[in-house]
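Shown next, in structure tokens, is the structure this report addresses.
Any read-out appearing in this document is the output of simple, stated calculations on the displayed coordinates, not a laboratory observation. All values reported here derive from a predicted model rather than from experimental measurement. We place every Cβ from the backbone using ideal geometry, glycine too, and count neighbours over all the protein chains shown.
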Amino acid sequence: MKSLARILGWTAMGITLLYSTVGLFSQIFENWRRGTTEGFSEELGTLLFLTFLLWLLYGLAKKDTFIIIANGPGALAASVLLLQIIFY
């Protein structure tokens, strides 16, 4: 059962890293290229930030490497998106 949990942890971490790095950073680049966040939902940006931040803090509290690694880049990317919303 431990090996199944480890496989699920690695899989979830990989998928989360994929969409939080490729997906969110491509949105950041697109916003930067256009100089606007028009068409990007402020509510979604805020909820993404809060979700990634809370999961990161939870992972740190539980000392869970899978959760920390999976949500750290997402928290960073979502905070950059929020800054773009504020300053663009």
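Among the conditions (1) assigned to a loop (DSSP other than H, G, I, E, B); (2) under 23 Å from G9 (Cβ atoms); (3) among the polar types (S, T, N, Q), the only one that T51 does not satisfy is (1). If you go through segment 57-88 and keep only what is of a type in the set (A, V, I, L, M), under 14 Å from the mean Cα position of the chain (by Cα) and farther than 16 Å from W10 by Cα, you end up with L57, A75, L76, A77, A78, V80, L81, L82.
Restricting attention to segment 30-48, and to residues there that are of a type outside the set (G, A, S) and in a loop (DSSP other than H, G, I, E, B), which single residue is surrounded by the most Cβ atoms within 10 Å (Cβ to Cβ)? Only one residue tops the list, namely T37. Restricting T65, T36 to residues that are over 19 Å from T21 (Cα atoms) and among the polar types (S, T, N, Q) narrows the list to T36.
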